[in-house]
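Written out below as structure tokens is the structure these notes cover.
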Amino acid sequence: MEITIKKATIDDLKEIQELSLKLFEKEYKEYDSSLDLDWTLGKTGTKFFKNRITKEDGCVLIAIVENKVVGYLCG
């Protein structure tokens, strides 16, 4: 399996949000039921990820396997 790491673009936003939601759902179920599951795809979460992808003070990397985003790192 070949994994490609690249800087995310705004075109990757939806896939990053979908992965984030999966993580939120797992953490909500197993660790913290106070998490807001609507955050990731809502206005605030969308703005957060857009800013991390497009602004100079943010960085989002994605991992791609067989043309599918399978992971991300956001800071």
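The values are calculated or read from the model by the stated rules, or taken from the named source; none is laboratory data. These numbers come from a predicted model, not from an experiment. Backbone-built Cβ (ideal geometry, glycine too); neighbour counts: all protein chains shown.
Numbers for the structure displayed
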quantity	calculated
Filter result for I3 (in contact with a strand residue (DSSP E or B) (Cβ under 9 Å, 6 or more places away or on another chain) and in contact (Cβ under 8 Å) with a residue 60 or more places away in the chain)	yes
Test for K6: is it of a type outside the set (F, W, Y), assigned to a strand (DSSP E or B) and surrounded by 11 or more Cβ atoms within 10 Å (Cβ to Cβ)	yes
Cross-chain or 6+ apart pairs with Cβ under 9 Å, the stretch 7-36 first and within 10 Å of Y72 (Cβ to Cβ), then among the polar types (S, T, N, Q) and not in a loop (DSSP other than H, G, I, E, B)	Q17/T46
Which listed residue is among the charged types (D, E, K, R) and either assigned to a loop (DSSP other than H, G, I, E, B) or touching a Leu at 6+ places or on another chain (Cβ under 7 Å) (or both), from E27, E18	E27
Filter pass, K50 being assigned to a helix (DSSP H, G or I), exposed (fewer than 13 other Cβ atoms within 10 Å of the Cβ) and not hydroxyl-bearing (S, T, Y)	no
Tally of residues being on the phi > 0 side of the Ramachandran plot and within 12 Å of the chain's Cα centre (by Cα) across the stretch 41-70	0
Output for the stretch 45-64, where each listed residue is of a type in the set (G, A, S) and either under 11 Å from S20 (Cβ atoms) or at pLDDT below 95 (or both)	G45, G58
Qualifying positions in the stretch 9-40 - more than 10 Å from the chain's Cα centre (by Cα) and within 17 Å of G71 (Cα to Cα)	T9, I10, D11, F24, E25, K26, E27
